[in-house]
Amino acid sequence: MKIPVSNRMKCCADCVERTEAVADIGCDHAYTSMYLIEQKRAKRVLAMDINKGPLAIAKKNISEYGYEDKIETRLSDGMEKLTDNEVDTLLIGGMGGVLICHILENGKRFLPDMKQMILQPQSEVGEVRKFLHANGFRIEKEVMLFEEGKYYVIIRAVPGVEKYETEWNYKYGLCLLQKKDRIFREFINARYESKQKILKHLLSQTSGNIRTIEKIRELQEELNVLKQLKGDLSCQKQRL
């Protein structure tokens, strides 16, 4: 029986290097947790969620697939019900970046136990990158995919020291740029076109207040950055 895990969450799970135990925070119906076991990415998974309803469905799914001895469900607000040295990997996906940072901040005492963290923020990706660098992790890998009309970034972080030079480095990242990622190039091109349209609309207004003028300045600055990124991404062939 095939596990109905989305391509996005499958990519998250595939970023997990084989390990002993994973905490799947916000596990929903536990499809990702079961995929981790099926693919032998983890020997044991804690499927944790704040909501009783999805967790009850998760427990039922785990039973149907016969993974009760390898996956434990736990009602928990983030990492609240985790115990010391219980897992060595965190997987958090499908949440806003600020919420992911909040979960990590509240569970900061567990971070020294982690050999790897796989994070898939739906928004505010830059905030997640900043949090990682401020808390003893470096970004080893990023994956970008396009699913149902939206671009998603998956971050694999490991213990280490790292710092980006500019705010734009945090906003757009460096890993995808350095490997000349094809989907990242598509994302940058699409964002450049979108920002150009917004700027054109603002410039067409006959009068602008201070906020509009400031917005125009911000857009022009970001377009300059995006133009540079477009050039960097097209300067050599994509790495395979």
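The values are calculated or read from the model by the stated rules, or taken from the named source; none is laboratory data. Treat the numbers as computed from the prediction; the structure is a model and nothing was measured. A quick note on method: Cβ atoms are made from the backbone with ideal geometry, for glycine too, and the neighbour counts reach across all protein chains shown. Quick note on the areas: whole protein, heavy atoms, side chains included, nothing else; ligands and nucleic acids left out. Shrake-Rupley method; radii C 1.70, N 1.55, O 1.52, S 1.80 Å.
Here Ile139, Ile62, Ile103 are screened, and the one residue that is in contact with a Ser or Thr (Cβ under 8 Å, 6 or more places away or on another chain) and hydrophobic (A, V, I, L, M, F, W, C) is Ile62.
Evaluate the following for Ile103: is it hydrophobic (A, V, I, L, M, F, W, C) and either over 22 Å from Ile155 (Cα atoms) or out of contact with any helix residue (DSSP H, G or I) (no Cβ under 8 Å at 6 or more places or on another chain) (or both)? Spelling it out, Ile103 is indeed hydrophobic (A, V, I, L, M, F, W, C) and either over 22 Å from Ile155 (Cα atoms) or out of contact with any helix residue (DSSP H, G or I) (no Cβ under 8 Å at 6 or more places or on another chain) (or both). Has the stretch 12-23 got any residue that is touching a strand residue (DSSP E or B) at 6+ places or on another chain (Cβ under 8 Å) and on the phi > 0 side of the Ramachandran plot? Scanning the stretch 12-23 turns up no residue that is touching a strand residue (DSSP E or B) at 6+ places or on another chain (Cβ under 8 Å) and on the phi > 0 side of the Ramachandran plot.
Take Leu82 and tell me if it is part of a loop (DSSP other than H, G, I, E, B) and either open to solvent by less than 10 Å² (accessible area, probe 1.4 Å) or in contact (Cβ under 8 Å) with a residue 60 or more places away in the chain (or both). It is true that Leu82 is part of a loop (DSSP other than H, G, I, E, B) and either open to solvent by less than 10 Å² (accessible area, probe 1.4 Å) or in contact (Cβ under 8 Å) with a residue 60 or more places away in the chain (or both).
Counting residues in the stretch 150-165 that are on the phi > 0 side of the Ramachandran plot and touching a residue at least 40 places away in the same chain (Cβ under 8 Å) gives zero. Strands (runs of 3 or more DSSP E) fully within the stretch 112-180 that include at least 1 residues being surrounded by fewer than 17 Cβ atoms within 10 Å (Cβ to Cβ): 137-147, 150-159.
Ala21 - would you say it is in contact with a helix residue (DSSP H, G or I) (Cβ under 6 Å, 6 or more places away or on another chain), under 28 Å from Gly160 (Cβ atoms) and among the aliphatic types (A, V, I, L, M)? For Ala21, the condition - in contact with a helix residue (DSSP H, G or I) (Cβ under 6 Å, 6 or more places away or on another chain), under 28 Å from Gly160 (Cβ atoms) and among the aliphatic types (A, V, I, L, M) - is not met. Taking the criterion of being farther than 25 Å from Val125 by Cα and either open to solvent by 70 Å² or more (accessible area, probe 1.4 Å) or in contact (Cβ under 8 Å) with a residue 40 or more places away in the chain (or both), the residues of the stretch 181-210 that qualify are Lys200, His201, Leu203, Ser204, Gln205, Thr206, Ser207, Asn209, Ile210. Output the residues belonging to the stretch 85-95 that are under 16 Å from Val45 (Cα atoms) and either of a type in the set (A, V, I, L, M, F, W, C) or not in a loop (DSSP other than H, G, I, E, B) (or both). Val87, Thr89, Leu90, Leu91, Ile92, Gly93, listed by residue number. Residues in the stretch 228-236 include at least one that is open to solvent by 60 Å² or more (accessible area, probe 1.4 Å), modelled with pLDDT under 95, farther than 29 Å from Gly94 by Cβ and among the hydroxyl-bearing types (Ser, Thr, Tyr). Quick one: would you say Arg109 is under 20 Å from Lys227 (Cα atoms) and open to solvent by 40 Å² or more (accessible area, probe 1.4 Å)? Judged against the criteria, Arg109 is not a match. One residue stands out in the stretch 96-106 among those that are surrounded by 20 or more Cβ atoms within 10 Å (Cβ to Cβ) and of a type outside the set (Val, Ile, Thr): the one that is farthest from Arg44 (Cα to Cα), namely Gly97.
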